[in-house]
Amino acid sequence: ELLTGTSSNVSPELGMIGDSVNSATDRLRCFRSAFGAAPARAELPIGEVTNAVEALFGGRSSVQTSLPGNAMSRVMAKTILLTLLCQEKCLPMGGQTSVTADASSFRLHTVTTRLKDCDTLWAIVEGQPAEIDFTPGEVQFPLLADLLQQTDAQLTRSQTEEELTIEVTGLGS
């Protein structure tokens, strides 16, 4: 704003800087929603959740969302974002994901050219104890496991060589 406010003529370079700043701001909002506190009754506007998904997964992956209403519980949004971060870790070549949700559940379906073997990480999310050291890029898996346990939600996962489907039920509203 300061740079563009000094002149009415915006250069392409300033436009690129502005785009980068906006992208970084959207990514920070996404990470705040995914990794921040999620009070039980707090809600997020659907537009904010959609923007967070687009900011995080724009590029080699595409995510289409079908989310209900004008707002969703912050717990639901956090669970969706953490689940998307987990599934993204398993997509070395990117992919196309659809997210559909209702008041208490959601489904992610991803089609890709190749899935990375993340069974050890998913086992933790699915409630099986595992003795592994997490890297910073894998922290979303134990965080998702904790969130699912706190909310008594259930995650089911099925996959083939080119498809990954994740369903989370029992999140409440």
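The values are calculated or read from the model by the stated rules, or taken from the named source; none is laboratory data. As the structure is a prediction and not an experimental result, all values here were calculated from the model. All Cβ positions, glycine included, derive from the backbone under ideal geometry; neighbour counts span all protein chains shown. Ligands, DNA and RNA are stripped out before the accessible areas are found, and what is left, the full protein with its side chains, is counted by its heavy atoms. Shrake-Rupley method; radii C 1.70, N 1.55, O 1.52, S 1.80 Å.
Remarks
- Cα convex hull of the range 63-173 - mean projected area over all directions, nm²: 6.5 nm²
- Hydrodynamic radius by Kirkwood, which averages 1/r over all alpha carbon pairs of the range 125-167, in angstrom: 11.7 Å
- Distant-in-sequence amide H partners of A71 (H built 1.01 Å from N, under 5 Å): I46
- For the range 92-173, with +1 on Lys and Arg beta carbons and -1 on Asp and Glu, the positive-most of T120, F141, Q96 along the dipole: Q96
- GNM top mover of I46, I124, I132 - the chain, alpha-carbon springs below 10 Å: I132
- Between T120, T50, T112, the GNM of the chain built on Cα springs shorter than 10 angstrom shows T120 fluctuating the most.
- Note on the chain: with charges restricted to the Cβ of Lys and Arg (+1) and Asp and Glu (-1), its dipole about the Cα centre is near 320 debye.
- Maximal additional length on extending the A103-T25 stretch stands at 25.3 nm, based on 0.36 nm per residue less the C-alpha distance.
- Counted as membrane-span-like here are DSSP H helices of the chain whose alpha-carbon atoms extend 20 Å or more along the helix's own axis and whose Kyte-Doolittle mean is 0.0 or above; these are 74-89.
- Computed over protein heavy atoms with a 1.4 Å probe, the accessible surface of the chain works out to 57 Å² per residue.
- Protein accessible area in the chain, 1.4 Å probe - carbon and sulfur %: 50 percent
- Using the Cβ-Cβ distance between F35 and L14 with R0 set to 22 Å, the FRET efficiency from 1/(1 + (r/R0)^6) comes to roughly 0.10.
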